[in-house]
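First the structure, in the form of structure tokens, and then the observations on it.
The values are calculated or read from the model by the stated rules, or taken from the named source; none is laboratory data. Everything numeric in this text was worked out from a predicted model, so none of it was measured. Ideal geometry is used to build each Cβ from the backbone, glycine not excepted, and the neighbour counts take in all protein chains shown. Each accessible area value is taken on the protein alone, full model and side chains, heavy atoms only, with ligands, DNA and RNA left out. Shrake-Rupley method; radii C 1.70, N 1.55, O 1.52, S 1.80 Å.
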Amino acid sequence: MMSLNSQLPKQYSISFSGHDSFPLRHGWLEKAFYAVTSQFDVNPFTAQDSVVKFGVGKNMVNGIKHWATASNFLVKEDEGYVPSEYATKLMTDLDPYLENANSLWKIHYELAKTSGNTTIYWIFSLLNVQSFSKDYLELKLQEFCVEQGKSVPAKKSLRTDVNVALALYCRTGGSRDIGEDDISSPLHELKLLSVNTDGSYSINTSAKKSLSDELFMHALIEFWEEDNLSAGTNSTSIRADRLIYEEKAPGRIFALSEFELLERVGRMPALSNGMITISETAGVVQIFKNQETYDGKFLKNKWMDNE
């Protein structure tokens, strides 16, 4: 197996705080979007009436801001915050109440691909076991900080962040280390993590029927483009097995089985109208760009046309 150090990029943004111990709640991203778009000249999260406007306590306002920016729903600018392109499309056109599961898959994707959401990122990009305990996860995160030359967070802070990340994806039975006992996160619907009878956790690799092929293709192309950028190349082909095992690969972020990933890859030529083709030689599946017709930006945005 490839060593962890050989998989890691040179620079990481590492953080285990910012959420004030609150996992994402239903309605928070919508509240953040409307607060920002209705107050162009004011930072709604620091305004004197923020508690009244959001209808929650001050710490929870911080939690709303954290998850809105951590999911790239909002983007920080010098003068405040603006909605991202995907948030604007969802909220003004496709899914203003974030009821579509594919919208939640996109939010998860944005969270899991961002190393600043370190615990989430680690679970869905660097964890090499399907089942794990909190203690195991905390130990690996401590080692990760040391390997990156970063200070190791206090044990209580790390445990709180781990609890929040797990509560984001599954019902954990409540914990005094997070903001509320009854956690209700919209990402529970994705069923990416589950609690085992012994209290450990498992990544669920069963079929992701609510994940659209268009969003999978979006993630595939972003992974391909980032790989080209980091390597300083412009490759026109990529092996499909890299999409299963490598850091930030769509197969890892969406917790796909090898069978499901290859099935989805097989549908890419038709979905892309031939801009993407595939071939298989000696059991190795390769994905190719049709250099005459390929339009990466168009293909990445197709998921927003199919909510």
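Per-structure values
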{"quantity": "Any pair with Cβ under 7 angstrom, 6 or more apart, that starts in the range 230-258 at a residue that is closer than 18 Å to Thr119 by Cα and ends at one that is in a loop (DSSP other than H, G, I, E, B)", "calculated": "Glu247/Leu126; Lys248/Lys113; Ile253/Lys113; Phe254/Lys208; Phe254/Leu211; Ala255/Leu192; Ala255/Asn204; Ala255/Thr205"}
{"quantity": "Residue within the range 108-131 that is modelled with pLDDT of 90 or more and farther than 29 Å from Leu256 by Cβ present", "calculated": "no"}
{"quantity": "Some residue of the range 81-91 being at pLDDT below 95, part of a loop (DSSP other than H, G, I, E, B) and over 19 Å from Ile253 (Cα atoms)", "calculated": "no"}
{"quantity": "Residue check for Ala270: closer than 17 Å to Gln130 by Cα and either open to solvent by 50 Å² or more (accessible area, probe 1.4 Å) or modelled with pLDDT of 95 or more (or both)", "calculated": "no"}
{"quantity": "Residues located in the range 122-142, provided they are open to solvent by less than 70 Å² (accessible area, probe 1.4 Å) and assigned to a helix (DSSP H, G or I)", "calculated": "Trp122, Ile123, Phe124, Ser125, Lys134, Leu137, Glu138, Lys140, Leu141, Gln142"}
{"quantity": "Residue, farthest from the chain's Cα centre (by Cα), within the range 117-149, restricted to residues that are under 23 Å from Ile107 (Cα atoms) and of a type in the set (Phe, Trp, Tyr)", "calculated": "Trp122"}
{"quantity": "Enumeration of residues in the range 96-114 that are surrounded by fewer than 20 Cβ atoms within 10 Å (Cβ to Cβ), in contact (Cβ under 8 Å) with a residue 12 or more places away in the chain and either over 20 Å from Ala219 (Cα atoms) or hydroxyl-bearing (Ser, Thr, Tyr) (or both)", "calculated": "Pro96, Tyr97, Thr114"}
{"quantity": "Residue check, Ser157 open to solvent by 10 Å² or more (accessible area, probe 1.4 Å), over 19 Å from His19 (Cβ atoms) and touching a residue at least 24 places away in the same chain (Cβ under 8 Å)", "calculated": "no"}
{"quantity": "Odd one out for Leu211 among (1) crowded, with 18+ Cβ neighbours inside 10 Å; (2) among the aliphatic types (A, V, I, L, M); (3) assigned to a strand (DSSP E or B)", "calculated": "(3)"}
{"quantity": "Every pair of residues 6+ apart whose Cβ atoms lie under 7 Å, when the first sits in the range 115-143 and is without any contact (Cβ under 8 Å) to a residue 40 or more places away in the chain while the second is not basic (Lys, Arg) and not in a helix (DSSP H, G or I)", "calculated": "Tyr121/Thr114; Tyr121/Ser115; Gln142/Val152"}
{"quantity": "Residue that is within 24 Å of Ser184 (Cα to Cα) and over 24 Å from the mean Cα position of the chain (by Cα), where the choices are Lys31, Lys65, Lys58", "calculated": "Lys58"}
{"quantity": "Residue check, Lys65 free of Cβ contacts under 8 Å to residues at least 60 places away in the same chain, under 30 Å from Gln148 (Cβ atoms), open to solvent by 50 Å² or more (accessible area, probe 1.4 Å) and not in a loop (DSSP other than H, G, I, E, B)", "calculated": "yes"}
{"quantity": "Every residue from the range 93-121 that is assigned to a loop (DSSP other than H, G, I, E, B) and among the basic types (Lys, Arg)", "calculated": "Lys113"}
{"quantity": "All positions within the range 168-206 that are open to solvent by 60 Å² or more (accessible area, probe 1.4 Å) and either touching a Pro at 6+ places or on another chain (Cβ under 8 Å) or modelled with pLDDT under 70 (or both)", "calculated": "Gly173, Arg176, Asp177, Glu180, Asp181, Asp182"}
